[in-house]
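Just below is one structure, and these are the notes that go with it.
Derivation of every value follows stated rules applied to the coordinates shown; laboratory data play no part. Here the structure is a predicted model, which is why all the values come from computation and not from measurement. Don't worry about glycine lacking a Cβ; one is built from the backbone with ideal geometry, like all the others, and counts go over all protein chains shown.
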């Protein structure tokens with residue numbers, strides 16, 4: 001063997017040992033770096049012509065275990081999803097308060113209703129009235145606050161979805177770019193640095209969305225969702241999303257496009273876990289359910305208190321009874337049944353005149369004398385009621401509101417007469433499950449800017465009142481956020497039935513996925529078709545308002561989840577009652593046996609206060625979601641059920657997070673045991689490579705001495 005051959009062998013050993021020592025040094029310096037994967041030095045014996053020619057250094061590789069890495073990525077996704085849900089549900093639960101605390105929402109309801117019991121004992125006390133109003137105001141304000149907290153949480157989750165979509169897009173582009181860098185590095189030398197950087201990006205991506213990773217033949221990686229949708233290879237996909245903001249009628253859905261293809265496809269059903277899935281679930285499902293429950297509570301409280309207060313009376317009585325915007329038109333069918341009585345009462349509580357209305361027969365009598373008929377529409381009834389009032393006042397129906405105005409007193413300085421409303425013990429008036437005064441809101445205690453009850457009393461034959469040719473946009477969304485269908489439907493001329501037919505059309509409407517129906521109380525509901533699963537309907541662009549009212553289609557009928565879920569943010573005590581506590585009606589008139597000139601309302605009467613307190617004892621209809629079952633429950637029972645649901649959701653989220661964190665810790669530990677740096681092992685390698693380096697150096701020194709000896713001999 002020549003001296004040159006020996007020198008080459010020794011030199012190859014020297015270079016190989018240097019490379020190995022460099023690899024060990026890099027491992028040791030990153031022993032505490034999270035996610036660092038240990039580098040492995042690889043070398044092979046060099047052989048030429050069947051004879052050994054030293055050693056050659058192969059590519060440095062990462063000690064990555066793809067099975068343990070996949071388990072770690074999956075665990076990271078699960079932990080990210082659980083953490084997203086828990087943070088929001090904890091905050092919302094805190095807004096409700098501890099049920100045992102005096103500052104909780106539930107304690108506030110107890111105090112508000114208990115204040116009416118005080119009014120039973122002190123019905124003539126202005127102080128008791130002020131206290132009852134203050135307690136009710138405080139509770140409704142707290143209810144508003146909780147509703148706004150939920151709405152703000154949903155808006156924040158929606159914004160964070162946008163932020164995470166942007167981060168995912170950045171990571172996907174960087175992962176694709178790293179694949180190109182890896183290919184170039186492997187062609188010229190060591191690619192482990194770029195591979196580690198790419199691994200760190202993939203690890204971060206796994207906390208945002210569930211992924212699976214496969215190795216490409218060129219050394220790079222291919223990233224897909226768990227169900228196989230390609231996210232990043234040599235080219236990255238792009239996600240598309242726009243945040244909707246507070247109070248949005250619907251939320252944008254995440255779409256995906258690939259490369260130069262501009263087509264955006266549904267992507268949310270492919271998101272199975274990760275922080276992004278957690279945000280979508282908490283926004284659409286968890287917080288949506290809580291918002292719906294709060295709104296049912298707000299609607300139930302308002303309806304129960306208003307049902308009692310509209311039959312109560314004050315002294316002096318209401319000179320102006322201005323009803324709420326019902327969303328009805330004068331041309332709508334009257335659709336009332338049963339009987340009701342309107343009394344005109346003076347400041348002393350004496351009955352001036354009594355108007356008895358039998359909606360079933362259509363007869364109207366004034367002080368026992370026939371005075372016309374109701375007619376078949378809201379407009380004809382208003383005209384007949386105006387005539388029946390005569391010199392005592394006027395009745396009008398404008399922009400969906402029924403209004404009764406008493407006549408000006410003579411002399412002008414005198415206290416005017418006013419109105420009281422009474423229902424018979426049996427056979428009382430009904431439209432949409434509400435009595436006459438309650439339906440129109442002529443003496444409401446609780447008010448809101450939008451409908452709180454969706455029993456409109458409308459029928460399919462009523463003119464729909466919306467502008468023909470206008471467009472209503474809807475989409476049917478699946479449980480994982482995918483859009484089953486999206487339609488723009490032109491409002492046809494005609495009646496409410498014609499609109500429902502257009503909506504239910506299987507081709508141009510959403511009839512393949514569910515159907516709209518209108519029950520006998522005028523409640524419109526969309527029900528998913530059999531076998532379609534848990535679908536929900538969203539109205540992305542409403543039509544309206546209806547005629548001269550302020551209500552669009554979704555608000556009037558409550559067919560969009562968002563319209564129903566926002567009711568808790570707009571309730572409050574009637575401002576006229578807040579300004580004048582004397583208008584809090586705590587008496588209860590009885591017009592059935594009272595003659596004209598006799599006392600119809602007593603100042604010391606407390607039956608109305610008792611009726612307000614007893615509102616909690618009357619079963620009311622509550623539903624547990626847009627497509628849920630309606631149950632008859634007492635107000636306090638539903639409140640307790642809602643509090644239990646909120647607590648259960650938060651508790652489940654905490655348990656899910658604890659479990660997911662445990663899985664992640666275990667998966668990361670097992671991965672670190674295989675891929676991480678062990679200082680003892682690295683010390684052994686370092687010693688071995690240093691000795692090999694020293695041996696190669698001694699061989700080079702020996703060859704050098706041989707050359708020197710030969711040169712001196714010459």
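Data overview
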{"quantity": "Descending principal axes extents, the range 75-158, alpha-carbon based, whole Å", "calculated": "65, 24, 12"}
{"quantity": "Chain lengthening between residue 470 and residue 596 when straightened (0.36 nm per residue, less Cα-Cα)", "calculated": "40.1 nm"}
{"quantity": "Two-site label geometry, residue 505 and residue 134: point separation in nm, points 7 Å out along Cα→Cβ", "calculated": "5.9"}
{"quantity": "Degrees between helix 105-121 axis and first principal axis of the chain (Cα, 0 to 90, nearest 10)", "calculated": "10"}
{"quantity": "Which labelled figure in (i) 1.00; (ii) 1.13; (iii) 1.23 is Rg/Rh (Cα atoms, Kirkwood Rh), once derived from the coordinates", "calculated": "(iii)"}
{"quantity": "Burial ordering of 668, 498, 218, fewest other beta-carbon atoms within 10 Å first", "calculated": "218, 498, 668"}
{"quantity": "Gained length - residue 4 relative to residue 618, 0.36 nm times residue gap less alpha-carbon distance", "calculated": "210.5 nm"}
{"quantity": "Calculated FRET value between residue 125 and residue 387, using beta carbons and R₀ = 41 Å, to 0.05", "calculated": "0.55"}
{"quantity": "The range 319-442: relative contact order as a whole-number percent, Cα under 8 Å and 6+ apart", "calculated": "35"}
{"quantity": "Kirkwood-based shape ratio for the range 319-442, expressed as Rg/Rh from alpha carbons", "calculated": "0.95"}
{"quantity": "Dimensionless Rg over Rh [the range 643-705; C-alpha; Kirkwood]", "calculated": "1.61"}
{"quantity": "Full-extension gain in nm, residue 242 to residue 331, via 0.36 nm per residue minus C-alpha separation", "calculated": "27.9 nm"}
{"quantity": "Modelled FRET efficiency - R0 30 Å, residue 691 with residue 665, Cβ distances, 0.05 increments", "calculated": "0.15"}
{"quantity": "Relative contact order of the chain, pairs being alpha-carbon contacts under 8 Å that are 6 or more residues apart, as %", "calculated": "19"}
{"quantity": "With Cα atoms, 0 to 90° folded angle of helix 3-29 axis to the chain main axis", "calculated": "20"}
{"quantity": "Rounded to 5, the percent of DSSP beta bridges in the range 319-442 classed as antiparallel", "calculated": "95"}
{"quantity": "Degrees, to the nearest 10: 679-713 long Cα axis against longest axis of the chain", "calculated": "30"}
{"quantity": "Modelled FRET efficiency - R0 60 Å, residue 645 with residue 604, Cβ distances, 0.05 increments", "calculated": "0.90"}
{"quantity": "Proxy reagent accessibility, fewest Cβ within 10 Å first, across 565, 541", "calculated": "541, 565"}
{"quantity": "Shape parameters for the range 471-557, alpha-carbon atoms, Rg then Dmax in Å", "calculated": "12.8, 40"}
{"quantity": "Antiparallel bridge percentage (DSSP; both residues within the range 471-557; nearest 5)", "calculated": "100"}
{"quantity": "Helix-only mean residue ellipticity at 222 nm for the chain, each DSSP H run of n ≥ 4 adding -39500 (n - 2.57), per residue, nearest 500", "calculated": "-15000 deg cm²/dmol"}
